[in-house]
Amino acid sequence: MTSFNEPLKFKSGVTLRNRLMMSPMTTTQSFYNGSITHDEIDYYTQRAAGLGAVITGAANVEDLGKGWHVELSIAHDSMLPGLSGLAHGIQSQGAKAIVQIFHAGRMTHRDVLNGEQIVSASAVAALRDDAETPRAMSIDEIHATIAAFGEATRRAIQAGFDGIELHGANTYLIQQFFSPHSNRRTAEYGGHTPQARFRFIDELLKAVFAAVDQYADRPFIVGYRFSPEEFEEPGIRFEDTLWLLSQLRESRLDYVHVSLNNYDRVSRDSQYQDKSIMTYVHEALQGKLPLVGVGGVRTRDDVKTVLQTAELVAVGQQLLYDPTWAVKLAKNADDTMVTAPFEEAVEVTPLNRPLYEFAAARYHSVINS
């Protein structure tokens, strides 16, 4: 069985020193214009210790792709100095620095976009209480957004990052183009089949790798995150995801990263309930592409279990509340790991005010003053 401390070499040529990654998490620590704060650099630098790689929280690739206030941005060259500081901070601990890039699509609001109407593949609102109806993107806008992902890749390279992760999960724009709920287009970039709705992803990958080929003077990681199924009707079904993986496994991607709240989660589809989602995904990749497993990893046993059906393990909230968790794991200091429920850990972990308020809101109706 694979050990977490074994190195892994991607097809791009980048080698991770071990199989542990920090999962991308929103921190709400950027400035309002999306530039990086010293607090944000310190946060990632501290948690990078002992990891093979750190994947940052989502960074928007263009202004209309902003999902929330105080969100990281990679949309302008003016962000390069801060992005460079972030990359170097992570790398100073021996971890590879990967910036996750995204466009929120319909999962945002006018007030976040300074009054601009939100956009998506089609004019269909998300199924949430405060959802706004987006404007369907024109063909020119689609082309411009694809180009923006390429430009974001260029900036990541120039800032010194070791790679990017395309955020094709959690109902943001990339997923919106693949989903039959949010993509009702009948012509270009749409259709009634996964094959037809894959065009946006396909062209996105081409734009990203074109940027890598043009600007990278060193091996550079490109990963892809996806959500395995949707609850909406119509929506992405697990069978659609298996088809998507059949395409991604033949691409130049270095890894795919499943988005799950629990690593042992089972599909909603009765045809795929004999094994965990992660097991089916791993089998679908046919050994052609490393899988990053994720979801509730807190202990050494969790790491061992995930590595039975994945090549890499991403750790999220545990690292938020236990910044040196990976070091403790390597030193067999498991008895010093934070084991308290997260709603208790948030009250005792040293966090700056914006991050504390954001994290505490997940567990408490009243935030301590």
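With label points built 7 Å along Cα→Cβ from the Cα atoms of Asp140 and Asn114, find their separation and express it in nm.
For Asp140 paired with Asn114, the spin-label model returns 2.0 nm.
Under 16 Å Cα-Cα from Lys206, which aspartates and glutamates qualify once same-chain neighbours fewer than 8 residues away are excluded?
Within the straight-line limit of under 16 Å, Lys206 reaches these aspartates and glutamates: Glu151, Glu165, Glu250, Asp254.
How are the alpha carbon pair distances in the stretch 84-182 distributed across 5 Å bins from zero to the largest one, expressed in percent?
Result, from short to long distances: 3, 13, 19, 19, 16, 12, 10, 6, 2 percent.
What's the extension gain from Gln308 to Ser78 if we count 0.36 nm per residue and subtract their Cα-Cα distance?
78.5 nm
Treating cross-link reach as a plain straight distance, find the lysines whose alpha-carbon is under 27 Å from the alpha-carbon of Lys304, omitting any fewer than eight places away in the same chain.
Cα-Cα hits under 27 Å: Lys9, Lys11, Lys96, Lys275, Lys288, Lys328, Lys331.
Which of these, Met79, Met22, Met107, has the largest mean-square fluctuation under a Gaussian network model of the chain (Cα springs below 10 Å)?
Met79
Using only alpha carbon pairs under 8 Å that are at least six residues apart, calculate the relative contact order of the chain and give it in whole percent.
The value is 16 percent.
Report for the chain the percent antiparallel among DSSP-assigned beta bridges with both residues inside it, nearest 5.
5
Any read-out appearing in this document is the output of simple, stated calculations on the displayed coordinates, not a laboratory observation. No experiment lies behind these values; they were computed from the predicted model shown. Cβ sites come from the backbone with ideal geometry, for glycine too, and all protein chains shown count toward neighbours.
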